[in-house]
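Reviewing the structure listed below.
The values are calculated or read from the model by the stated rules, or taken from the named source; none is laboratory data. As the structure is a prediction and not an experimental result, all values here were calculated from the model. Cβ sites come from the backbone with ideal geometry, for glycine too, and all protein chains shown count toward neighbours. These area figures cover heavy atoms from the full protein model, side chains too; ligands, DNA and RNA do not enter into them. Shrake-Rupley method; radii C 1.70, N 1.55, O 1.52, S 1.80 Å.
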Amino acid sequence: MFPLVARSRLLPMSLPFRYFGAAVVFQVAAWAMLFAYSSDFVSFEGSLGPAFAALHLVTLGVLAMTAIGATLQLLPVATRQPVRSLGAAKLAWWLLVPGVALFAAGAAAFAPQTMGIGAMLVGLALAIYAVLLAVNLLGARGMKVVVAHGWGALACLAALAATGLALVARYEHGVALDHGAFRAAHLVLATYGFMGLLAVGLSSFLLPMLAVAPAPPAQIAYAVLALAIAGIVAAVLGLPVPAALLGLAAAAMHTASLERSLRARLRPALGPGFLLVRVSWACLVASIGVALLMALDLAPARAALIFGLLLVPGWLLTFLLGVLQRIVPFLASVHYSSAARGTPLISALTPAPLLAGHQVLHLAALGALLAAALTGEAWLARAGAAAGLAGALAFASFFAFVIVKVRHHGIQPPHQPAPA
Ligand code: HEM
């Protein structure tokens, strides 16, 4: 499944896996923070504190972290361009991990100075990644539609970092700015922009590859990209109704084209992860639907919380967990494949019961948090955070299982002659 040419683009396993490993740990930290401060959840309307810290442990510590690790490995396959500097990719990790930890700790403790130091480290890490991504896209020789999504995501990355750092400066130094406009722009550029365009762009080749299915036609993928970018620009310009309508059209076209591709697949069973991917698509469409209702003043109480839940844990985190549980065993198997040891079976690296447990817990967490946001019941938020934390620990066990299992691949127990 991993074309021979692509093997030459394989990064050392430790590079993408250190990003995936950090994301797995930050997910546990995010749910633990939410569990410890679940009473803040139903009344969360933005601004600093534990709920905001949990939000950025997810957005920066899990979403951005995984996006960087995955694109550093997958994009060279699509663009047929190697990553220009492995040293820079490693340095970005060494800045991003402490940066996220300091940012979240400062936000949780209402300490803008500490949050500011963390934000600077995060900003530096994202700048290094942005240069690596730009150099890779500039030299790209394949998959033009994936490259186009990459450029869109890169532009949004620059804008989200600028608005995010400006918002931090407002807390730290009292910088005067249009708070509502900066917050709204930051939110859209970070979630639908950077993360969304990467997820949509990579989906168009990764999901068909995992399902052994035909990729959606490039014209459809370009139309989705154009609609999505128009929607993001309209949102940043403060036109929420056109933004939501454009976003709904992009989301519906994207999910329909991938569903059509999956129906034409050669692999009968889609296997683990695709239920989460499909739930995430439903949350994507629902998040834009709630945004439209908010723009038309037809939304229920706590609509901003419901919107944020559908957008971040509902769509982006759930999608990421669905895909990560496929690419982690797949990449590990490719890395440990050798003439001497043979290729580890992906099925042997995929602990189905553990992943099934994770799936149930994660979906239960989402359901309980949504019910908490709809009803205002704090006990539902605590139950949701508990299920989320248990799910994150199950996912961490899955990751550890793959690492341990693949490390033992082909290693013969002592005193047994190696098979002929
Ligand atoms: C350089 C990196 C980042 C920095 C410095 C940053 C900083 C901030 C700050 C200070 C706020 C608070 C706004 C307020 O309530 O006053 C905020 C809100 C937010 N950020 Fe970030 N952020 C960063 C990256 C991201 C990323 C990568 C994502 C998502 C993928 C994200 C998603 C959000 C969301 C959803 C909000 C809530 C907005 C609201 O309450 O309306 N941020 N960010």
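The residues of the stretch 112-145 that are open to solvent by 30 Å² or more (accessible area, probe 1.4 Å), modelled with pLDDT of 95 or more and not polar (S, T, N, Q), listed by number, are 117, 120, 121, 124, 127, 128, 131.
Of all residues in the stretch 261-288, those satisfying the criterion of being part of a helix (DSSP H, G or I), closer than 19 Å to residue 356 by Cβ and not small (Gly, Ala, Ser) are 274, 275, 276, 277, 278, 279. Applying the condition of being polar (S, T, N, Q) and part of a helix (DSSP H, G or I) to the stretch 347-371 and asking which residue is least open to solvent (accessible area, probe 1.4 Å) yields 359.
Go through 176, 199, 226 for me and flag whichever is within 15 Å of the ligand (Cβ to nearest atom) and either open to solvent by 20 Å² or more (accessible area, probe 1.4 Å) or at pLDDT below 95 (or both). Please lay out each step first, then the result.
Numbers: 199 fails: either open to solvent by 20 Å² or more (accessible area, probe 1.4 Å) or at pLDDT below 95 (or both); 226 fails: within 15 Å of the ligand (Cβ to nearest atom).
One residue alone meets the criteria, 176.
Regarding residue 89, is this residue surrounded by 21 or more Cβ atoms within 10 Å (Cβ to Cβ) and more than 11 Å from the ligand (Cβ to nearest atom)? Yes.
Name the residue, out of 154, 160, that is open to solvent by less than 50 Å² (accessible area, probe 1.4 Å), more than 10 Å from the ligand (Cβ to nearest atom) and at negative phi. Working first, answer last.
Working: 160 fails: more than 10 Å from the ligand (Cβ to nearest atom).
Answer to the check: 154.
Checked against (1) assigned to a helix (DSSP H, G or I); (2) within 12 Å of the ligand (Cβ to nearest atom); (3) not hydroxyl-bearing (Ser, Thr, Tyr), residue 48 meets all criteria but (1).
Can you tell me which residues in the stretch 58-81 are of a type in the set (A, V, I, L, M, F, W, C) and away from the ligand (no atom under 11 Å from the Cβ)? Outline the logic, then answer.
Here is the first cut: in the stretch 58-81, the residues of a type in the set (A, V, I, L, M, F, W, C) are 58, 60, 62-65, 67-68, 70, 72, 74-75, 77-78.
If the condition is that a residue be of a type in the set (A, V, I, L, M, F, W, C) and away from the ligand (no atom under 11 Å from the Cβ), then 70, 72, 74, 75, 77, 78 are the ones that fit.
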